[in-house]
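See structure below.
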Amino acid sequence: MAGRNFLFVPGPTNVPDRVLRAMTVAMEDHRSPIFPELSRACLNGLKPVFKTVTGSPIIFPSSGTGCWEAALTNCLNPGDKVLTARFGQFSHLWADMCTRLGFEVELLETPWGEGAPIDRYLACLSADKQHKIKAVLVCQNETATGVTSDVAAVRQAMDSVGHPALLFVDSVSALGSIDFRMDDWGVDVCVSGSQKGLMLPAGMGVTCVSEKALVAAKGATSRRCYFDYGDMVTSNASGYFPYTPSIPMLYGLRESLAMLAEEGLDNVFHRHHYLAGGVRAAALEGWKLKLCASAPRWFSDTVTAIMVPDGINGSEVIARAFKRYNLALGAGLSKVAGKLFRIGHLGDLNELMLLGAIAGSEMAMLDVGVKLEPGSGVAAAQNYWRTHSPVIGANAA
Ligand SMILES: *Cc1c(COP(=O)(O)O)cnc(C)c1O
């Protein structure tokens, strides 16, 4: 098919040409005396992205899922209790991993479309007088439903009852796109990956661990080896890795970190919020459809999950968009399979790229029988962007 494939799944995201070029390198010795220059640029460069001074960024050769496992097996003892909420496929998978690894899960079942239920977290923590809960897990941005949760409020709930558990946050589809604050929020492990806001191919698990988590890891007896924080932190201190890192990925990361720094994180977050506003306008005002996120307080700035009308299968919209228009949209996962499609709007994006995704979604929906006004989504997004500023604090113009 001629022309570009339009990649609008919420990860992997578009890799900027600059990053692709930075990755086209010959292989080199990862034990050479100059290698630490590259590794330090990456590890130190990640600190402002996590908003941490005292935390240690760690890079594993995995996807985000590997970092979920690392958080659990490094910091907890076998059978330890964790508290988490399930409100989408990703929060489900992390909770499921806890069970499969032999941890005891206190699970807050939450409607898909809502985010972390702070009052219920608080009730569990306050009832746990013996401090049996060793870790509190929260998915900052539930990619399956397009819902963002208030991580700071989870920390406040823990502090308000003086609960000493560790706080683990899945920020895979938020980090580098939606504000995340490791130190301010007292996060002990932040889990992320390379293929979303960091604008890289998949294959790098990017995580950050607090001093408290590293102390816990020293004493924790769960089995782990390849994902051992201690081995990694010890090697990283001298600028090396305990095993062979992916050199092209490190060059890519160094470049994507430079791009985020050049734009400025606050501007990056604002751009995501601004672009998301146009997508939401298309869905709500243009197409008159509902979002999976059930209230504005949950709306995600990195992914929008759009409910298709009754009698329409969301999978057909996605299949049509892909086959006919070369547009990749995100599918409805598990409980919401067939009921929605998702537009990812994170990473290296601007208005006109998103208008392509909106126009393509609109055509695909019309083709499979959704009743909507042709052009209505495109017009609503155009109006939104023309009347809102892409720059922080400036008037539109
Ligand atoms: C993408 C994603 C993951 C991890 O997926 P990988 O495919 O292992 O990188 C985890 N949590 C959320 C919220 C995600 O969006």
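Some notes on this structure:
- Conditions (1) without any contact (Cβ under 8 Å) to a residue 24 or more places away in the chain; (2) over 22 Å from residue 145 (Cα atoms); (3) assigned by TED's automatic domain parsing to the domain that holds residue 316: number failed by residue 393: (3)
- Of the residues in the range 181-189, none is within 13 Å of the ligand (Cβ to nearest atom) and within 25 Å of residue 349 (Cα to Cα).
- A count restricted to the range 228-243 and to residues that are of a type in the set (Phe, Trp, Tyr), part of a loop (DSSP other than H, G, I, E, B) and open to solvent by less than 40 Å² (accessible area, probe 1.4 Å) stands at 1.
- Selection count, the range 42-67, where residues are within 16 Å of the ligand (Cβ to nearest atom), assigned to a loop (DSSP other than H, G, I, E, B) and under 21 Å from residue 238 (Cβ atoms): 1
- Residue 220 being over 19 Å from the mean Cα position of the chain (by Cα), within 28 Å of residue 381 (Cα to Cα) and among the hydrophobic types (A, V, I, L, M, F, W, C): no
- Verdict on residue 305 being at negative phi and touching a strand residue (DSSP E or B) at 6+ places or on another chain (Cβ under 6 Å): yes
- Of all the criteria given as (1) within 16 Å of the ligand (Cβ to nearest atom); (2) part of a helix (DSSP H, G or I), the one not satisfied by residue 144 is (2).
- Count - residues of the range 150-197 that are touching a Pro at 6+ places or on another chain (Cβ under 9 Å) and either in a helix (DSSP H, G or I) or open to solvent by 10 Å² or more (accessible area, probe 1.4 Å) (or both): 3
- Test: residue 251 is assigned to a loop (DSSP other than H, G, I, E, B) and open to solvent by 30 Å² or more (accessible area, probe 1.4 Å): no
- Those residues of the range 107-123 which are out of contact with any Phe, Trp or Tyr (no Cβ under 9 Å at 6 or more places or on another chain), under 10 Å from residue 85 (Cβ atoms) and surrounded by fewer than 21 Cβ atoms within 10 Å (Cβ to Cβ), in sequence order: 107, 118, 120
The values are calculated or read from the model by the stated rules, or taken from the named source; none is laboratory data. Since we're looking at a predicted model, the values are computed, not measured. Quick reminder, even Gly has a Cβ in these numbers, built from the backbone with ideal geometry, and neighbours come from all protein chains shown. Calculation scope for accessible area: heavy atoms of the full protein, side chains included, ligands and nucleic acids excluded. Shrake-Rupley method; radii C 1.70, N 1.55, O 1.52, S 1.80 Å.
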